[in-house]
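Novice: The structure's right below; bear with me while I get my questions together.
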Amino acid sequence: MSLLTRPTAGTDALVLRTWSCGETSVIASLLTRDLGFVKVLAKAARRPRSRLRALVEPGRLVNVEFSVDPQRELQYLRGGSVIMDPLGDGATLERSAYLQGALELVDRCRPASGGPGAGDAAFFAVCEEFVRVLSSPTCSAAATLFFALEWRLLDRHGTAPQVAACACCGVPQTGPAGGARHFHPAEGGIVCGNCVGGGAASGARTMGAEALAVLQALATGDLKAAAALDLPGHLRREVGGALHRFLGYYLPGYRLPAALDLLRAGKERSE
């Protein structure tokens, strides 16, 4: 009697989330380079000597091998190796919080083009770059880097804010000149003072020139440049709040990542 070997796949992946299963096993949600979002069962991975244990730590970049059965929601993790552990040596509380926030954001707000089993190498590349830049010793602005990831996620959905020109009339919005500006998700981004005065964006919030310049810098999509753009607290709150409102308006399933909510509460208590 011949035995048919079950098909397997090998690919790079980012571990997004894990759950305990039974007494010793782990279920892990992975964003893979070649097959999109995949859930795997790592049997006995919670045992101290398990060779799978290192492959199911959230935030790690790994190369994994798992079964491929279209009839199963869970695939079996067979093995692999760790490419990078961003929470290894040198990790800080802030970087850990922004990494966990990014993992939650990616897991909840998946690009429309990526269904089960559908690969999106470009989206994986963005997430991989975020992890590598966040882990770099040259990363001095984890918050701004996270904002850049939020922008890239919106861009993947085709809903990035309009910040170069007024979303209503198209008048360019560059430099400190141009009068009052407002940020309004329902109108798609920045709205000039004339359009707000005409009632085109009722309820829009005023945005300062400095915050607008940051959003315009984020629009370039350069994660490394964002990681070097350290912002004062008031500006970080203004930019972060604007992106938070925009994400909540356009991305189903979005909510403020729990890790960032705790980090924000801690900063407010210390100020």
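Novice: Which GluC sites (Glu not before Pro) does the stretch 1-95 hold that lie in a coil by DSSP with at most 11 other beta carbons within 10 Å? Could you put the intermediate results ahead of the total?
Specialist: Working: sites: GLU23, GLU65, GLU73, GLU94; in loops: GLU23, GLU73.
Loop-located and lightly packed - GLU23, GLU73.
Novice: Ratio of the stretch 215-259's C-alpha Rg to 2.2 N^0.38 Å, to two decimals?
Specialist: On the way: Rg = 11.9 Å, N = 45, 2.2 N^0.38 = 9.3 Å.
This ratio for the stretch 215-259 stands at 1.27.
Novice: What's the magnitude of the charge dipole for the stretch 8-85 around its Cα centre, counting Lys and Arg as +1 and Asp and Glu as -1 at the beta-carbon? Answer in Debye, nearest 20. Write down the numbers at each step before the final one.
Specialist: Details: 12 positive and 8 negative charges, 61 e Å.
With only Lys, Arg, Asp and Glu charged at Cβ, the dipole is about 300 debye.
Novice: With the cut-off at 16 Å, report for the stretch 8-85 the share of all Cα pairs above it, as a whole percent.
Specialist: Values: 1205 of 3003 pairs.
So the portion of pairs separated by more than 16 Å is 40 percent.
Novice: Let me ask something else. Quick one: what are the phi-derived ³J(HN,Hα) couplings along the stretch 45-51, Karplus 6.51/-1.76/1.60 with θ = phi - 60°, whole Hz, x for glycine and proline?
Specialist: My calculation for the stretch 45-51 gives 5, 8, 6, x, 9, 5, 6 Hz in order.
Novice: Using +1 on the beta carbon of Lys and Arg, -1 on that of Asp and Glu, and nothing else charged, what's the dipole of the stretch 13-154 about the Cα centre, debye to 20? Each step should come with its number before you reach the end.
Specialist: Values: 17 positive and 15 negative charges, 95 e Å.
Value, rounded to 20: 460 debye.
Novice: Further, regarding this structure: Please compute the Cα-Cα pair-distance distribution of the chain with 5 Å bins starting at 0, giving whole percents from short to long.
Specialist: In whole percents, the pair-distance histogram is 1, 6, 12, 15, 16, 14, 11, 9, 6, 4, 3, 2, 1, 0, 0, 0, 0.
Novice: Label THR8 and ALA44 with points 7 Å out from Cα along Cα→Cβ: what is the distance between them in nm?
Specialist: 1.6 nm
None of the figures in this text is laboratory data; all of them are computed from the coordinates on show. As the structure is a computational prediction, the values presented were derived from the model and not from experiment. Cβ sites come from the backbone with ideal geometry, for glycine too, and all protein chains shown count toward neighbours.
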